[in-house]
Amino acid sequence: MKMAAEVRWLLVFLISCVVSSCHGETAHRKFEYKYSFKPPYLAQKDGSVPFWEYGGNAIASSENVRVALSLRSQKGAIWAKQPTNFDWWEVDLVFRISGRGRIGADGLAFWYTTAKGSYNGTVFGSSDLWTGLGIFFDSFDNDNKHNNPYIMAIVNDGTKVFDHANDGSTQQLAGCLRDFRNKPFATRARIEYYKNTLTLLFHNGMTNNEQDYDICFRVENVMLPKHGYFGVSAATGGLADDHDVLHFLTTSLYPPGQLPTDGQKVSLEEQAKLQQEYLDYQKKLDEQKEEYRKEHPDQFRKNEFEEYYETENQRELRQIFNGQSQMFDALRELSRKLDEVVGRQERTLSLISQVQVGGVQVTGGQTGSQPGSQPVLIDTIRRQEVDAVLNNQNIILNTAREIKAFVGEVHTKAESILSNQARAPTAQVQPMGYDYQSLVSEVRDGLNALKKDVKSVGSADCPNCLTTTMFLLFIGIQMIILLVYSLYRDNKEAQMKKLY
């Protein structure tokens, strides 16, 4: 038991050492303004963007760069003028992709390549056969596998042609299924390349909290060329979206102890001189404060005591501010949890809707995926099945409409019958085209005349004569036959009226 306790303590010590060493290896960060742009005053008065150049159908304004307009067959790009002079980097890309249609096209691309691409190329507005990294925010489903909008990363060595037919699924390094169109807030992507590890964090734009990122993918052993160019491109096709880039913020990353020193460093003599000037100014300011305090002792004493008390308005404002701060924190936490629940629901529904025939790709969001591995393909419902379901629904709707019309007609006839009976309670319902009441009256008169004739004849025996009972029975059968025929003819005429 003693030996086991010592082993446990040794393991705890080793784990703590490893954790402390990991925390101690935080990279040094340096903002690179020559590889960044953001509002306000993003573009100058002449329309140029400092340290960047754009072309094609791209338009730069003071608030954003519209890389591709919401018109058909538009292409544009913006590229940094200089290649990078650092190995590891992190880019915060803030963008909006919005359109009026339910489906958009084609998408937006982030580039890190050895050479600048064109401004009207075939791959999301830039050149094919690139050398470096391309991260594509693809909004159109070219392969009809119902797996868009999709985010993917592809590393090219300059020899691979982008596979448009399969949306690049056969060439992707990693990816994830995320929706980035028509969001209430701007969507964000944080792309980090540090020590040959490529990581993409994605903000879905459902909240205004800038830190609501979730991981899209993380891939190790990614070899990218050094000193590449940053760029962003976009393109539209038969469908069109507005592709706006609001921020492009680049930060260089350096391992601990490797932060480069600037060549224009202030010398020690200048540092000492500046330090002495600062101390002299500080001393002079303290002397002036002391002189003012001696000249106005009452005011100073009053102000000194007022600092220790707060008025009722200040107390009330402070309480209101504290309460609103707590409410804001609680709402932000609820919003974050709601986003997580919605994301899980969407992922669950997408997995449920997939069937085992075909090819929806499920590789996004898996950390530690190996480069070049073949994605697992699962299929969704096929198009012909969707058409069959829609046809069945249309048939059901048409049948329901016919039943509704027939019930309405029956209801109308029933109302007319009830109204006729209300006006004349002893009257009989008469179908159109026949006067049954007059017919019955004629039959009744005939019977009365026959009775009179029978009475006049008397009770003489007549073996060959027809009895009264048989005669009445014959008349009743004739009336029933006549009534059935008239009802049958009425029904046929009503059906013919429906047809015409």
If I ask for residues that are modelled with pLDDT of 90 or more and out of contact with any Leu (no Cβ under 8 Å at 6 or more places or on another chain), which ones from the range 99-116 would you list? GLY107, LEU108, ALA109, THR114, ALA115, LYS116
Hits in the range 73-95 (condition: open to solvent by 60 Å² or more (accessible area, probe 1.4 Å) and more than 30 Å from ALA27 (Cα to Cα)): SER73, LYS75
Could we say that ASP138 is over 21 Å from the mean Cα position of the chain (by Cα) and of a type outside the set (Gly, Ala, Ser) here? no
Counting just the residues of the range 141-152 that are touching a Phe, Trp or Tyr at 6+ places or on another chain (Cβ under 9 Å) and surrounded by fewer than 19 Cβ atoms within 10 Å (Cβ to Cβ), which one comes out modelled with the highest pLDDT? PRO149
Could you pull out the residue among ARG344, ARG336, ARG315 that is open to solvent by 100 Å² or more (accessible area, probe 1.4 Å), at pLDDT 75 or above and not in a loop (DSSP other than H, G, I, E, B)? ARG344
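Report yes if some residue within the range 18-36 is open to solvent by 90 Å² or more (accessible area, probe 1.4 Å) and at pLDDT below 50; otherwise report no.
For the range 18-36, residues open to solvent by 90 Å² or more (accessible area, probe 1.4 Å) and at pLDDT below 50: present.
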Answer yes or no: is there a residue in the range 180-196 that is among the β-branched types (Val, Ile, Thr) and over 25 Å from the mean Cα position of the chain (by Cα). no
Might you let me know whether the range 273-294 holds any residue that is at pLDDT below 85, open to solvent by less than 90 Å² (accessible area, probe 1.4 Å) and not hydrophobic (A, V, I, L, M, F, W, C)? no
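Of all residues in the range 153-167, which are open to solvent by less than 30 Å² (accessible area, probe 1.4 Å) and not aromatic (Phe, Trp, Tyr)?
Filtering the range 153-167 for residues open to solvent by less than 30 Å² (accessible area, probe 1.4 Å) gives 153-154, 156, 158, 162, 167.
Within the range 153-167, ALA153, ILE154, ASN156, GLY158, ASP167 meet the criteria.
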It is to be established whether one or more residues within the range 238-251 are under 16 Å from the mean Cα position of the chain (by Cα) and β-branched (Val, Ile, Thr). no
Note on ALA240: of the conditions (1) modelled with pLDDT of 90 or more; (2) crowded, with 20+ Cβ neighbours inside 10 Å; (3) under 28 Å from ASN182 (Cβ atoms), unmet is (1)
Do we have any residue at all in the range 249-257 that's open to solvent by 70 Å² or more (accessible area, probe 1.4 Å) and modelled with pLDDT under 85? yes
If VAL49 satisfies all but one of (1) over 30 Å from the mean Cα position of the chain (by Cα); (2) among the hydrophobic types (A, V, I, L, M, F, W, C); (3) crowded, with 18+ Cβ neighbours inside 10 Å; (4) assigned to a strand (DSSP E or B), what's the number of the condition it fails? (4)
Here is a check on your reading of the model: is ASP379 under 23 Å from GLN172 (Cα atoms), modelled with pLDDT of 50 or more and among the acidic types (Asp, Glu)? yes
With (1) buried (at least 20 other Cβ atoms within 10 Å of the Cβ); (2) modelled with pLDDT of 90 or more as the list, and ALA43 as the residue in question, which single condition is left unmet? (2)
Anything in the range 96-111 that is part of a loop (DSSP other than H, G, I, E, B) and either over 16 Å from GLN74 (Cα atoms) or out of contact with any strand residue (DSSP E or B) (no Cβ under 9 Å at 6 or more places or on another chain) (or both)? List them, or say none. ARG100, GLY101, ARG102, ILE103
Output the residues belonging to the range 111-140 that are surrounded by 24 or more Cβ atoms within 10 Å (Cβ to Cβ) and of a type in the set (A, V, I, L, M, F, W, C). TRP111, VAL123, PHE124, TRP130, ILE135, PHE136, PHE137
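The values are calculated or read from the model by the stated rules, or taken from the named source; none is laboratory data. Because the structure is a prediction, the values reported are computed rather than measured. Ideal geometry is used to build each Cβ from the backbone, glycine not excepted, and the neighbour counts take in all protein chains shown. Each accessible area value is taken on the protein alone, full model and side chains, heavy atoms only, with ligands, DNA and RNA left out. Shrake-Rupley method; radii C 1.70, N 1.55, O 1.52, S 1.80 Å.
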